[in-house]
Amino acid sequence: MLLAAIVLPLALLPVAGSGVAHADPTSTADLNSQLDRLNQQADQLVEDYLEQSLALGRTRAKLAAVQRQAQAAQRSYDDLQARIAAQATNAYVNGPGSELAAVLTTGDPSSAVERMQSLELLAQQSTELVTSLKAARRSLDASRAVLRSVEAQQAAEVTRLRGKKTEVDRAVDRAERLLNQMRAANRARIAALNRRAAPSQKAVRTGGLQQSPTPPPVSGSVSAVIRWAYRQLGKPYQWGASGPDAFDCSGFTMAAWAQAGVGLPHSSRSQYGVTMRVSAGNLKPGDLIFRYSPISHVSMYVGGGKQISATHTGDVVRIQSASLPNIAGYGRPGG
């Protein structure tokens, strides 16, 4: 299993109190790299989970519409059945030929013909309506059965993905604990190693640029989006969350753009699909930056080469460099 292949080497790394005086810097660098991969793997699973949840919601909405149609058809069918039953009762009480007798005893022959034609037409229409309603109800019942089957399958997939994400979260937690133990035992050497690390790796580990509590000046409706986003700085990442106390990446951008009355789905892939494509050179504050293939992370550009993002497990909403790697594209909400 992939997770076992990733987690097992972590368990074999030296930790504080194990009797090893110093950790191998190469092992520390490997652990950082594995932690990055685990976070990306977790992002992919979260995105799969959110996409499946959206699909499940759409299926349930369709099922509710079909159920409403079936209920309306049932009411019409019951009403017709009541009318037919009333006719049968009338025939039983007054005799099966009472209506025909009333037609034949009329004094006006032309009127009798017209009434006979009306009775025949009414009987024909009643028969056709019963047949049509029965067919409609069978069709609706079949559609409802199909949708319920799809709903069950998608609900099972959501449960499966939730379990997968829990596995990855546990692996990430273990990697972070090991990293903290190694840092505690080798504080001086790890600090020196981190100072020599590549800038892009530092950005991932430390969150990149210094956070500023003051949002940049932005005009128009997007100013409410940016101001709200800055007020969330420091709030924890939590997968599946969209506020007010915690966020995942797409939950954060969804909640941010809701401040301007723009609705976005809770999924980075779906947000990519509903936003207007823009180029890197045309980025404006509020535009979204999508990462990885398939897309599994989204952040929001705030100007000055910076982005704000709900990062990953164990981290918080923070300001980062917008030039972090693995960019898949850019999108403008409401554009």
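The values are calculated or read from the model by the stated rules, or taken from the named source; none is laboratory data. Only a predicted model underlies this, so the values are computations on that prediction, with no experimental measurement involved. No Cβ is skipped: glycine too gets one built from the backbone with ideal geometry, and neighbour counts run over all protein chains shown.
Are any of the residues in the stretch 25-39 at negative phi and at pLDDT below 65? Within the stretch 25-39, one or more residues are at negative phi and at pLDDT below 65. Do any residues in the stretch 221-248 that are in the same structural domain as Ser267 (by TED's automatic domain parsing) have Cβ atoms under 7 Å from those of residues that are basic (Lys, Arg) and surrounded by 17 or more Cβ atoms within 10 Å (Cβ to Cβ), where the two are at least six apart or on different chains, and which pairs are they? Close Cβ pairs satisfying both conditions: Leu233/Arg318; Trp239/Lys165; Asp245/Lys235; Ala246/Lys235; Phe247/Lys235. Only residues that are of a type in the set (Phe, Trp, Tyr) and within 22 Å of the chain's Cα centre (by Cα) were counted in the stretch 229-238, giving 1. Among residues of the stretch 280-309 being on the phi > 0 side of the Ramachandran plot and not aromatic (Phe, Trp, Tyr), the one that is surrounded by the most Cβ atoms within 10 Å (Cβ to Cβ) is Gly286.
Got at least one residue in the stretch 221-237 being touching a helix residue (DSSP H, G or I) at 6+ places or on another chain (Cβ under 6 Å), among the charged types (D, E, K, R) and at pLDDT 75 or above? No: the stretch 221-237 contains no residue that is touching a helix residue (DSSP H, G or I) at 6+ places or on another chain (Cβ under 6 Å), among the charged types (D, E, K, R) and at pLDDT 75 or above. Of the residues examined, Val274 is not one that is out of contact with any His (no Cβ under 9 Å at 6 or more places or on another chain) and either under 14 Å from Val46 (Cα atoms) or crowded, with 17+ Cβ neighbours inside 10 Å (or both).
When you scan the stretch 178-192, do you find a residue that is within 17 Å of Leu31 (Cβ to Cβ) and either at pLDDT 80 or above or part of a loop (DSSP other than H, G, I, E, B) (or both), even just one?
Scanning the stretch 178-192, I find at least one residue that is within 17 Å of Leu31 (Cβ to Cβ) and either at pLDDT 80 or above or part of a loop (DSSP other than H, G, I, E, B) (or both), so the answer is yes.
Tyr301 satisfies every condition listed in (1) closer than 19 Å to Pro216 by Cβ; (2) assigned to a loop (DSSP other than H, G, I, E, B) except (2).
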